[in-house]
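The values are calculated or read from the model by the stated rules, or taken from the named source; none is laboratory data. If you're wondering where the values come from, they're calculated on a predicted model, not measured in any experiment. Note: ideal-geometry Cβ built from the backbone for every residue, glycine included; neighbour counts use all protein chains shown. The accessibility values were calculated without ligands, DNA or RNA, using every heavy atom of the protein model including side chains. Shrake-Rupley method; radii C 1.70, N 1.55, O 1.52, S 1.80 Å.
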Amino acid sequence: MPAGFLTRRSAMLLPLALAACASQGDDQAFEPLRFNYLPPIQLNVAAIQIEQRFVPSGVAPDVSGEDPEPPIAALRAMANDRLQAFGTANRAVFAILDATLARDNDVVRGSFAVSLTVYGDDGNQLGFAEARVESRHSGRVDSLRAVLYDMTKSMMNDMNVEFEYQIHRNLKNWMTAPVAPDTPVQQAPLDGSAPPPGPAPADGFGAAPPPQAGPAEAPPAVPGSATTPAYPPSYLQLPPDQTPGPPQ
């Protein structure tokens, strides 16, 4: 048979061979994205629900289905890994509002958005926070799966920071914070009366201060003294202009 001619059998097997080579070139392992290595966000609610309010179209320009870690799955993992219920009443709803990955030739765009809403047991909305992040990739796309995975991973890193910031900003009263180890716990007096306002006395045993003549008046706080209120550490590193400081 002259060189340069393919047999019928070779011609039929050629497309399969080309497909196998292409799949081997894109055969890269992608680790699932998890976020349980980050500090948990503890909420003073009895339950947390996850709702998916965004459904990818599945047709061009949507390419989220090509992502080894689809944005919907990544956002669900963030909610499952980080949000914790530490209350006895009310509920929080984590909603996925946007999980877009779209491609236009050599441009890939990403847009993620989530919200967290606190509802009372009566159904009334008590608090709300929303976080959004965006990303854009321009240039040659050698492996679409790799580009989408890297975009999703980077956007989820941004989302974790933005999500926690928005919760701290808009739902701070619904966050539970650990007590600082060096902060003594104030106990109620043995006679059943209400404990005095302010931090515990320096001895840390919770003894009530001696009675004072005339109207009770709190002494001015002296920096570094036992009467200076203690602030528990925050899970979130706020920007310099947002960092809470001591009372004025």
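Observations
- Whole-percent carbon and sulfur share, accessible surface of the stretch 51-138, 1.4 Å: 44 percent
- The simple Förster model, with R0 at 25 Å and r as the Cβ-Cβ distance, assigns residue 150 and residue 59 a FRET efficiency of 0.60.
- Under the Karplus curve 6.51 cos²θ - 1.76 cosθ + 1.60, θ = phi - 60°, whole-Hz ³J(HN,Hα) for the stretch 111-122, x wherever Gly or Pro sits: 8, 10, 8, 9, 9, 9, 10, 9, 10, x, 5, 8
- Per residue, the convex hull spanned by the Cα atoms of the stretch 63-117 measures out at 70 cubic angstrom.
- Candidate residues 149, 165, 37: accessible-area rank, largest first, probe 1.4 Å: 37, 165, 149
- Given in Å, the Rg to one decimal and the Dmax to the nearest whole number for the Cα atoms of the stretch 18-173 are 17.5, 62.
- Amide H within-cut-off set for residue 83, under 5 Å, with H built and near neighbours excluded: 41
- Summarising the label geometry, the points placed 7 Å from Cα in the beta-carbon direction at residue 124 and residue 157 lie 4.3 nm from one another.
- Trypsin sites (Lys or Arg not before Pro) lying in DSSP loop within the stretch 93-183, provided at most 15 other Cβ fall within 10 Å: 140
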